[in-house]
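Data block below; observations after.
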Amino acid sequence: MNFKNTSFIFLFAIIGTGLWHYFYGISLWWALIPVLLYKSTVIYGSANIRSNFYTKAICKGNTTEKIIAITFDDGPNAQFTPQILKVLDEHNVTATFFVIGKNIEGNEELLKQIDSKGHILGNHTFSHSFFIDFKNRKGFIEELTKTMAAVYRITGRQMRLFRPPYGVTTPHLANAVKDLQYCIIGWDVRSMDTTKDSEQLILERVKKQVKPGSIILFHDTSAKTVSILKQTLNFASENGFKVVSTERLLNLKAYEL
Ligand SMILES: [Zn+2]
């Protein structure tokens, strides 16, 4: 079941519903069934960023050295990003922040601070809409460009790293990324810090999965993550893991020169 087949069946079902509506008067609400099925199939088929289903994503460093990188999605967040920055400072490590464009307004100083402290900024689209995977190539280009422009205006940085919202990729997204020459960064350790309640469970998950070259996914959007970050950094140093930037871990450039 690839994206093309799924789309074809979806289209067929929608046209079918339209015809039944026209000839037999059935409610157009029936169209919700193919819509929901399509949505769930697309999510299922493309949700695993590590599958490289549509496009190539870098999900870990190719190394046996005990180095790892930490990444935060969905900021900047006026309440929690400063707390995260403080913890990173205390441990003298840098991280990568995949920011949402619409969260930048009002947080310009915070964005500047992330950059000036030596952390890397990456693109996480402008809207981070739940329905973003319905966008076409132009829609994705707009999403990426708007965030890129906001970050450039404030920091002078032209980002090259991109992380798709929800880790979901589509062919249109893949094309937009190619057009704009972004490099997709995934993860191999998903902390589940936004979906699981138990701090202990999240931490155990991280500890169990982390290995040389790992990229850990967190979100700078909750007090829970601030606490888990502290414990993760303690765990890393106690177990000989060095936290490095994604640039160093993956041996790439995060910005255009
Ligand atoms: Zn996100």
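Counting only residues that are crowded, with 19+ Cβ neighbours inside 10 Å and not in a loop (DSSP other than H, G, I, E, B), how many does the range 88-128 have?
So the answer is 14.
Do you know which residues across the range 172-205 are under 17 Å from the mean Cα position of the chain (by Cα) and farther than 22 Å from Gly101 by Cα?
Asp188, Val189, Arg190, Ser191, Met192, Thr195
Does the range 144-156 include one or more residues that are closer than 21 Å to Thr225 by Cβ, in a loop (DSSP other than H, G, I, E, B) and more than 16 Å from the ligand (Cβ to nearest atom)?
No - not one qualifying residue is present in the range 144-156.
Between residues in the range 110-132 that are outside the structural domain of Val93 (by TED's automatic domain parsing) and residues that are within 16 Å of the ligand (Cβ to nearest atom), which pairs lie under 6 Å by C-beta distance while being six or more apart or on different chains?
none
State yes or no: is His91 within 15 Å of the ligand (Cβ to nearest atom), in contact (Cβ under 8 Å) with a residue 24 or more places away in the chain and more than 19 Å from Gln181 (Cβ to Cβ)?
No; evaluated as a whole, the condition is false for this residue.
Condition first: in a loop (DSSP other than H, G, I, E, B) and within 16 Å of the ligand (Cβ to nearest atom). Now tell me which residues in the range 41-87 satisfy that.
Ala47, Asn48, Cys59, Asp74, Gly75, Pro76, Asn77, Phe80 - these are the residues of the range 41-87 that are in a loop (DSSP other than H, G, I, E, B) and within 16 Å of the ligand (Cβ to nearest atom).
If you go through the range 130-143, how many residues are within 16 Å of the ligand (Cβ to nearest atom) and surrounded by 15 or more Cβ atoms within 10 Å (Cβ to Cβ)?
So the answer is 5.
With respect to Gly167, is the statement that it is modelled with pLDDT under 95 and closer than 19 Å to Gly61 by Cα true?
Yes; evaluated as a whole, the condition is true for this residue.
Could you tell me whether the range 175-182 includes any residue that is outside any helix (DSSP H, G or I), within 16 Å of the ligand (Cβ to nearest atom) and at pLDDT 95 or above?
yes
The values are calculated or read from the model by the stated rules, or taken from the named source; none is laboratory data. Keep in mind the model is a prediction, meaning the values are calculated, not measured. Glycine also receives a Cβ, built like all others from the backbone with ideal geometry; neighbour counts cover every protein chain displayed.
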